[in-house]
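> There's a structure below that I have some questions on.
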Amino acid sequence: MVEAIHYFPEDFLWGTATSSHQVEGDNTNNDWWEWEQQPAKIVHGHSSIKACEWWKGRWEEDFDRAHNDGHNAIRLSIEWSRIEPSMGIWDESAVDQYRQMLHGARDRDLSPMVTLHHFTNPLWFANQGGWLNDEASRHFQRYARKIVSSLDDLVDYWVTINEPNVYIYMAYVEGAFPPGEQDLRKAVKVVQNLAHGHARAYHVIHEVNPNAKVGLAHNYRDMKPASPRNPINKWISKIRSTAFNDTFPRLVQNGETRFLGRKIRVPEATGTQDYFGLNYYTREFVKVDLRRPMELFGRGSYREEAVLSESEFIANEPEGLWEGIKWALEYDLPLIITENGVEDSKDTLRPRYLAEHIRKIWSAVNFNWMVKGYFHWSLVDNFEWERGWTQRFGLWALDVETQKRRKRPSAELFAAICQSNGLSSEMVSKYAPEIFEDMFPGKGPSELVADAS
Ligand code: BGC
């Protein structure tokens with residue numbers, strides 16, 4: 001069969017990403033669990049409940065799935081509230097359980113990338129003011145030291161904090177994550193304390209292992225002015241993009257940044273990334289909206305012609321990933337796509353989304369840009385925060401009640417990509433024929449089949 005193949009470099013990382021609270025189940029000792037029990041916080045009153053039962057041992061069958069499908073890496077997170085259930089008290093059995101999981105990953109040839117903080121905080125920490133407390137970074141440092149001294153031999157990449165910008169925005173501006181604040185002054189404080197926490201964790205990890213690879217997973221949301229010739233839209237779009245996308249990366253690159261007109265200085269954070277983790281989902285087009293001061297007087301929406309996900313949460317905009325890669329490479333570090341994916345229970349958009357985004361990464365790799373790996377969000381449907389179980393990001397579908405997993409066609413496509421370390425015309429013709437002509441112009445799927453016979 002005549003085939004075009006977009007090959008990737010030999011040691012390219014292929015995996016999926018998730019976080020503790022979203023998959024473990026019965027995570028009852030953190031601020032998210034408490035939040036979920038309050039009325040009207042989560043769509044339809046959903047709760048993480050059993051999640052994907054990883055804590056009960058189902059990580060084994062899911063790691064088997066990843067291994068059988070040819071993945072060579074996996075990103076997961078440690079649940080701080082399990083390790084340190086009360087301040088200064090360590091639960092060694094929880095540490096052991098994570099050791100077993102990480103051994104399990106390695107036994108299945110999955111290189112582990114481990115996140116220390118993915119949106120959840122232990123209740124005792126939240127009750128002391130969470131990241132607004134000036135002691136927060138010291139608590140985080142102590143936890144980081146415990147984890148790294150117990151698990152470092154099994155971990156290849158560390159992520160200190162997942163998406164500081166999303167966390168700050170959701171918890172302190174929009175108020176949809178605990179503690180549900182809408183206060184820009186508090187947001188500024190949390191930027192600073194999270195940067196302190198990251199810097200302390202970075203240095204502790206390097207004390208334990210000078211060769212460790214440590215970074216953050218930054219969420220990049222591509223923002224463009226809705227009408228490029230309108231100077232106000234252009235200006236607002238730039239201001240919003242700078243505040244959301246650039247604040248944290250600049251702070252950990254240079255030790256200082258400007259955020260909402262204030263200078264934030266965290267000198268010990270200077271140069272504290274060994275690689276750049278990029279989470280990309282979508283792109284938005286920004287218009288001025290004077291009724292939205294908390295949104296910096298702008299409103300983002302999707303293009304009319306964009307293909308939207310099931311609940312219109314994400315627009316399929318692979319070009320935004322291209323922009324994100326260029327943006328991230330400005331930081332002059334090896335780049336890993338630490339998250340990318342789409343909610344799609346029927347799997348009608350995901351194969352296309354996957355192929356188009358991976359093709360952008362291939363283009364970057366072909367320019368010899370330092371892109372080292374790709375983690376899809378996610379392996380199995382998992383608890384989607386304030387959106388509960390209404391959104392399905394898994395390559396595998398999950399029935400939360402019975403805990404049965406069902407393979408979606410995208411899982412097969414991703415397996416084919418991982419197994420051949422490339423994306424081929426045959427894969428696109430089989431799983432996303434609607435974009436074949438666009439990706440491989442000149443030869444339609446029918447001609448390809450004719451050629452083969
Ligand atoms: C977060 C994940 C989340 C995903 C999809 C990312 O911003 O890191 O925890 O599940 O988006 O909503």
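> Among (1) away from the ligand (no atom under 16 Å from the Cβ); (2) part of a loop (DSSP other than H, G, I, E, B), there is one condition Asp64 misses while meeting the rest; what is its number?
(2)
> Only one of these is open to solvent by 40 Å² or more (accessible area, probe 1.4 Å), of a type in the set (Lys, Arg) and more than 21 Å from the chain's Cα centre (by Cα): Arg65, Arg138, Arg82. Name it.
None of the other options fit; the residue is Arg138.
> Kindly indicate the residue of region 373-392 that is among the aromatic types (Phe, Trp, Tyr) and away from the ligand (no atom under 11 Å from the Cβ) and also farthest from Pro112 (Cα to Cα) among those meeting that condition.
Restricting to residues being among the aromatic types (Phe, Trp, Tyr) and away from the ligand (no atom under 11 Å from the Cβ), the top hit is Trp389.
> Look through region 151-160, keep the residues that are surrounded by fewer than 18 Cβ atoms within 10 Å (Cβ to Cβ) and within 14 Å of Glu207 (Cα to Cα), and return whichever of them is nearest to the chain's Cα centre (by Cα).
Asp152
> Tell me, which residue of region 303-319 that is among the small types (Gly, Ala, Ser) and within 16 Å of the ligand (Cβ to nearest atom) is nearest to Met439 (Cα to Cα)?
The qualifying residue nearest to Met439 (Cα to Cα) is Ala315.
> Same structure again: Name the single residue, out of those in region 338-351 being of a type in the set (Ser, Thr, Tyr) and open to solvent by 10 Å² or more (accessible area, probe 1.4 Å), that is farthest from the ligand (Cβ to nearest atom).
Thr348
> In the set Ser410, Ser378, which member is in contact with a Gly (Cβ under 7 Å, 6 or more places away or on another chain) and of a type in the set (Ser, Thr, Tyr)?
So the residue among Ser410, Ser378 that is in contact with a Gly (Cβ under 7 Å, 6 or more places away or on another chain) and of a type in the set (Ser, Thr, Tyr) is Ser378.
> A further question on this structure: Would a scan of region 330-337 turn up a residue that is within 16 Å of the chain's Cα centre (by Cα), within 15 Å of the ligand (Cβ to nearest atom) and at pLDDT 95 or above?
yes
Matching residues to (1) touching a Pro at 6+ places or on another chain (Cβ under 6 Å); (2) in a loop (DSSP other than H, G, I, E, B); (3) within 16 Å of the ligand (Cβ to nearest atom); (4) among the hydrophobic types (A, V, I, L, M, F, W, C):
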residue: His6; (1), (2), (3), (4): no, no, no, no
residue: Pro39; (1), (2), (3), (4): no, yes, no, no
residue: Ile49; (1), (2), (3), (4): no, yes, no, yes
residue: Gly104; (1), (2), (3), (4): no, no, no, no
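> For region 295-302, check the following and say yes or no: at least one residue is open to solvent by 60 Å² or more (accessible area, probe 1.4 Å), of a type in the set (Phe, Trp, Tyr) and in contact (Cβ under 8 Å) with a residue 40 or more places away in the chain.
Scanning region 295-302 turns up at least one residue that is open to solvent by 60 Å² or more (accessible area, probe 1.4 Å), of a type in the set (Phe, Trp, Tyr) and in contact (Cβ under 8 Å) with a residue 40 or more places away in the chain.
> Another one. Quick test for you: out of Ile89, Ile74, pick the one residue that is more than 16 Å from the ligand (Cβ to nearest atom) and modelled with pLDDT of 95 or more.
Going through Ile89, Ile74 in turn, just one is more than 16 Å from the ligand (Cβ to nearest atom) and modelled with pLDDT of 95 or more: Ile89.
> Answer with yes or no whether Leu395 is more than 16 Å from the ligand (Cβ to nearest atom) and either more than 29 Å from His44 (Cβ to Cβ) or crowded, with 24+ Cβ neighbours inside 10 Å (or both).
no
> Sort through Ala171, Ala126 and tell me the only one that's surrounded by 22 or more Cβ atoms within 10 Å (Cβ to Cβ), under 24 Å from Ile42 (Cβ atoms) and of a type in the set (Gly, Ala, Ser).
Result of the check over Ala171, Ala126: Ala171.
> On the basis of being away from the ligand (no atom under 14 Å from the Cβ), free of Cβ contacts under 8 Å to residues at least 24 places away in the same chain, on the phi > 0 side of the Ramachandran plot and surrounded by fewer than 18 Cβ atoms within 10 Å (Cβ to Cβ), does Asn368 make the cut?
Criteria met by Asn368.
> For region 270-288, which positions are open to solvent by 10 Å² or more (accessible area, probe 1.4 Å) and away from the ligand (no atom under 16 Å from the Cβ)?
Thr270, Gly271, Gln273, Asp274, Phe285, Lys287, Val288
> Hey, another quick one. Specify the residue that is least open to solvent (accessible area, probe 1.4 Å); the eligible residues are those in region 413-437 that are charged (D, E, K, R) and modelled with pLDDT of 95 or more.
Ranking the candidates gives Glu426 first.
For (1) modelled with pLDDT of 95 or more; (2) in a helix (DSSP H, G or I); (3) open to solvent by less than 40 Å² (accessible area, probe 1.4 Å), each residue gets a yes or a no:
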residue	(1), (2), (3)
Ala201	yes, yes, yes
Asp222	yes, no, yes
Ser227	no, no, no
Arg240	yes, yes, yes
Asn245	yes, yes, yes
Val252	yes, yes, yes
Glu268	yes, yes, no
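> Can you name every one of the strands (runs of 3 or more DSSP E) wholly within region 338-453 that holds 3 or more residues which are under 20 Å from the mean Cα position of the chain (by Cα)?
Counting at least 3 such residues, we get 371-376, 396-398.
> Would you point out which residue out of Arg82, Arg99, Arg58 is at pLDDT 95 or above, assigned to a helix (DSSP H, G or I) and within 30 Å of Tyr172 (Cβ to Cβ)?
None of the others qualify; the one that does is Arg82.
> If you don't mind, another one. With Ser19, Ser77, Ser93 as the choices, which residue is polar (S, T, N, Q) and touching a helix residue (DSSP H, G or I) at 6+ places or on another chain (Cβ under 8 Å)?
Matching residue, one of Ser19, Ser77, Ser93: Ser77.
> Which of the residues spanning region 8-37 are open to solvent by less than 60 Å² (accessible area, probe 1.4 Å) and assigned to a loop (DSSP other than H, G, I, E, B)?
Residues satisfying the conditions are Phe8, Pro9, Phe12, Thr18, Ser19, Glu24, Gly25, Asn27, Asn29.
The values are calculated or read from the model by the stated rules, or taken from the named source; none is laboratory data. Note that the coordinates shown come from a computational prediction; the quantities given were computed from them, not determined experimentally. Glycine also receives a Cβ, built like all others from the backbone with ideal geometry; neighbour counts cover every protein chain displayed. The area values use the complete protein model at the heavy-atom level, side chains included, leaving out ligands, DNA and RNA. Shrake-Rupley method; radii C 1.70, N 1.55, O 1.52, S 1.80 Å.
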